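Below is one structure, written out as structure tokens; comments come after it.
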Amino acid sequence: MAPNQRRFPPSLRDGDSFLVMAVKRRLRLSWAGWLLVAGFGGAFACHAESAAGRDAPDAAKSAPTKPNTQRDAGHSGGSDNPTAAEAGASASGGSDAASAAIEPHPEIDAGLLADGSASDASKWSDAPPTTDGSDPSAPAFARVFVEAVLQTEPVPGDSEDPAIWVDPSDASKSLLIATNKVAAPDGSIVVYDLNGTILQVVEGIDRPNNVDVEDGFMLNGQPTSIAVATERLARRLRVFAIDSASRQLSDVSAAGGVDVLVGEVDEAGAPMGIGLYRRPTDGAVFAIISPKTGPTSDYLWQYRLEDDGSGQVAATMVRRFGNFSGAGEIESIVVDDELGYVYCSDEGDGLHKWYADPDHPDADRELAHFGMSDYVADREGLALYTLDDERGYLISTDQVPGASRFFVYRREGSASSPHDHDEVVAVLETTADATDGLEVSSADFGDAFPHGLMVAMNGGPKNFMLFDWGDVVAAAQSRLSSR
């Protein structure tokens, strides 16, 4: 099935007419102006809804049509998260059900959090930033809508986590490597090109959860690009060498799979998240892993990956570290190789930051704990957009069904501290469904994505959405930059 590459508009807000949506995106009005527009738009919307009710009385019984999707399918995966369709189905009565499906979380606009409490509404704005700093009422950050450029073909079972491998000789031939999170024999690693077309499916993997890539791993005496996935039900890692010529993966795991979390019972021994770290000083490569569940301290496990002498990859545990709130789980992990930090998403609590080098003198000290407010749903996928060796953005997923959002923080911290990430630069709003995995790259991928690429898991259609970072910068109106 060829991927759908049509750009699509945002879905309407609850109660908005097309006129109101258009005005919202183009004008900055006073509160009095908004009341006048809302009154006119509301009357128009009521008329349209009444006409729709006469023409299609059973419309609420059918599933809503999603823009730019490739097939009508529910998101099983997992089983961990609700989909937009499920959110709509839980609503009762005619047009209310349809509205819930289109806008499953109107509390975002109402300034409410997941627990029903009020958020700091003064932070939210659709207006561009001031340039002279003279307006004390200017919002701390803006919500901006970003359209996907294309969607990939669906995975055979259940989409979960993407990784981007950048081809060093021709970035236009780079690969998306993703997990199809179902049990063996149907679980697989799916390889895409940048058009979203499937190039390879590596089958027989027992519920692969997350995946990450790293360059420069020494295998058979040669620097090799690798992709490493957690194989959740088999309680091990699967390591694949990436061949740039054939654009194919080959399994180089020692003994057919690298055992991890040894000695843990039940879900504490089931690996989920993974982030790879290549230490700049000696090129050593490490895998940092999060289990499905774990204690409130030492939640994360770190392993050194090495050639076992036969051209296959083995692992040696080097430490456990990391705090956990006990709310939900920790799944997503991202590592900043250049600066030497690892971040993880504590789903019901916030984001944590630690040193990635297990030999750092402060390796046991948490450096930052942030992102603890204004999220509507779970904190999921994490990714980095690098502007240079020190500056860039950390992007964090707010897993909203039918309308996933992405909080953007400064990679370099603040002027006062490199570990002060409290400032939210922007919130990117999308129509991605219940996004779990996320990946971003600032590479120049040629004509398709010259300023970089953001890839987000899209639950219901069981595929991945691709966003042009140039579109992100344009929507953010000078709040964000590109490399």
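Quick notes on this structure:
- Candidates ALA178, ALA254, ALA163 - the one that is crowded, with 16+ Cβ neighbours inside 10 Å and closer than 19 Å to ALA315 by Cα: ALA254
- Some residue of the stretch 251-258 being polar (S, T, N, Q) and out of contact with any strand residue (DSSP E or B) (no Cβ under 6 Å at 6 or more places or on another chain): no
- Those strands (runs of 3 or more DSSP E) lying entirely in the stretch 363-415 with at least 1 residues in the same structural domain as ASN323 (by TED's automatic domain parsing), under 17 Å from the mean Cα position of the chain (by Cα) and within 19 Å of ALA476 (Cβ to Cβ): 379-386, 392-398, 405-410
- Identity of the residue in the stretch 159-210, under 16 Å from SER441 (Cα atoms), of a type in the set (Gly, Ala, Ser) and assigned to a strand (DSSP E or B), that ends up farthest from the chain's Cα centre (by Cα): ALA178
- With a requirement of 1 or more residues that are free of Cβ contacts under 8 Å to residues at least 40 places away in the same chain, surrounded by 19 or more Cβ atoms within 10 Å (Cβ to Cβ) and assigned by TED's automatic domain parsing to the domain that holds PRO162, the strands (runs of 3 or more DSSP E) lying completely within the stretch 274-361 that satisfy it span 285-291, 341-346, 350-355.
- Residues within the stretch 255-281 that are under 24 Å from VAL342 (Cβ atoms) and either touching a Pro at 6+ places or on another chain (Cβ under 6 Å) or not charged (D, E, K, R) (or both), tallied: 18
- Number of positions in the stretch 219-251 that are assigned to a strand (DSSP E or B) and surrounded by 14 or more Cβ atoms within 10 Å (Cβ to Cβ): 19
- Residues in the stretch 227-247 that are polar (S, T, N, Q) and farther than 17 Å from THR179 by Cβ: SER244, SER246.
- Criterion violated by ASP388 - all others in (1) modelled with pLDDT of 95 or more; (2) at positive phi satisfied: (2)
The values are calculated or read from the model by the stated rules, or taken from the named source; none is laboratory data. Quick caveat, the model's predicted, so the values are computed rather than measured. Quick reminder, even Gly has a Cβ in these numbers, built from the backbone with ideal geometry, and neighbours come from all protein chains shown.
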